[in-house]
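Engineer: Starting off with a structure, shown below.
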Amino acid sequence: MLFSTISKERILFDIVLPTLNIINDMYSRGKINESEKLLIFTTALDLALMTKFVGTTETEQLKAYCMIISGSEESTYMARIASVILHLIGWHSLYLGSIENKIDPFFDIDIQRLITKKLSNVEGLVVIQIFSFNANTLKFLSNTIKTLRNKFRGDLRIAVCTNNDLLQASEDMDVDYTTTELTSLIEWTKEEYRNSILANS
C-alpha cells in the first residue's frame, strides 16, 4: 500500500484516522483495554512515519511553514499525523512533540526562543498548530505563542485542535482557528496559504 500510486495523504485521511477514531470509540465503550489501544495507536503512528519517508511530496511550497505542538498525550497521534500530511503536500513541517510534562516557570521562554529561532525570519506564511485535550496546557501554549505575533517577518497564524469538551474555551483564546477535526484543520491551513499567496502577489 505504501509503495502504490495511492495518494499518501488519502491513506492517512481515509484509513489511519478513521481507524483511530474507531479505536477511541471502542476504548470509551470498554471494548478494548488501555494496552490494546496503545498498541494500535503506536502501530498507526509507525505507519504515518513510514508514509512520510516513502512518500514523495507534491509541489514544494517554499513559503509555507508549520510548527506543530502537542499539549497532551492523547492528542499526540493527531499532531504527528498532521505533521506528516503537511510534509507530504509540500510544507516545511516541524513537529515539536508533546510538552504536557515539560511545563515549568521558564518553559514558555524556551518555546518562544525555539519558534523565534526557527521561524521568525522566514518569508511567507507560518502556522503554529496546537493539539491539546488538556485545558491547562492548551491555555499555556496559546498564551505563550500569541506573544510572538509582532516578532515575525511573515504572516503568523495560530490554530488549535482540541476535543469537544474544550472547544468553547479554545474559541475564547484569541487564536485564528479552532476545531475538533484534523481534516478541517488541514483544509483551513491550505486555505490560509492560498490567501497568503494572493495577498502578497
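Read-outs throughout are calculated quantities, based only on the coordinates presented, and are distinct from any laboratory measurement. Not measured: the values here are computed from a predicted model. When we count neighbours, we look across all protein chains shown, and the Cβ atoms used for this are built from the backbone with ideal geometry, even at glycine.
Engineer: Taking the conditions exactly as written (among the aliphatic types (A, V, I, L, M) and in contact (Cβ under 8 Å) with a residue 60 or more places away in the chain), does ILE109 satisfy them or not?
Structural biologist: It is false that ILE109 is among the aliphatic types (A, V, I, L, M) and in contact (Cβ under 8 Å) with a residue 60 or more places away in the chain.
Engineer: I would also like to ask the following. Filter region 108-139 down to residues that are among the hydrophobic types (A, V, I, L, M, F, W, C) and outside any helix (DSSP H, G or I) and give me whichever is nearest to GLU181 (Cα to Cα).
Structural biologist: Among those residues, the one meeting the criterion is PHE131.
Engineer: OK, next. Only one of (1) in contact with a strand residue (DSSP E or B) (Cβ under 8 Å, 6 or more places away or on another chain); (2) more than 21 Å from ALA64 (Cβ to Cβ) fails for ILE158. Which number is that?
Structural biologist: Failed condition: (2).
Engineer: Could you tell me which of the residues SER184, SER196 is assigned to a helix (DSSP H, G or I), of a type in the set (Gly, Ala, Ser) and under 17 Å from the mean Cα position of the chain (by Cα)?
Structural biologist: SER184
Engineer: Something else now. Inspect all residues belonging to region 152-170 and state whether any of them is basic (Lys, Arg), in contact (Cβ under 8 Å) with a residue 24 or more places away in the chain and surrounded by fewer than 16 Cβ atoms within 10 Å (Cβ to Cβ).
Structural biologist: Yes; the residues of region 152-170 include at least one that is basic (Lys, Arg), in contact (Cβ under 8 Å) with a residue 24 or more places away in the chain and surrounded by fewer than 16 Cβ atoms within 10 Å (Cβ to Cβ).
Engineer: Same structure, new question: What single numbered condition from (1) under 17 Å from GLY97 (Cα atoms); (2) small (Gly, Ala, Ser); (3) touching a helix residue (DSSP H, G or I) at 6+ places or on another chain (Cβ under 7 Å) fails to hold for ALA169?
Structural biologist: The failed condition is (1).
Engineer: Additional query: Considering region 121-141 alone, what residues qualify as being touching a strand residue (DSSP E or B) at 6+ places or on another chain (Cβ under 9 Å) and within 13 Å of ILE103 (Cα to Cα)?
Structural biologist: THR137, LEU138, LEU141
Engineer: Still on this structure, please answer the following. Which residues, counting only those in region 87-107, are part of a helix (DSSP H, G or I) and under 14 Å from the mean Cα position of the chain (by Cα)?
Structural biologist: HIS87, LEU88, listed by residue number.
Engineer: Can you confirm whether region 74-87 contains a residue that is without any contact (Cβ under 8 Å) to a residue 40 or more places away in the chain and surrounded by fewer than 17 Cβ atoms within 10 Å (Cβ to Cβ)?
Structural biologist: No, because not a single residue in region 74-87 is without any contact (Cβ under 8 Å) to a residue 40 or more places away in the chain and surrounded by fewer than 17 Cβ atoms within 10 Å (Cβ to Cβ).
Engineer: What's the total number of residues in region 140-177 that are assigned to a loop (DSSP other than H, G, I, E, B) and farther than 14 Å from ILE111 by Cα?
Structural biologist: Number of matching residues: 10.
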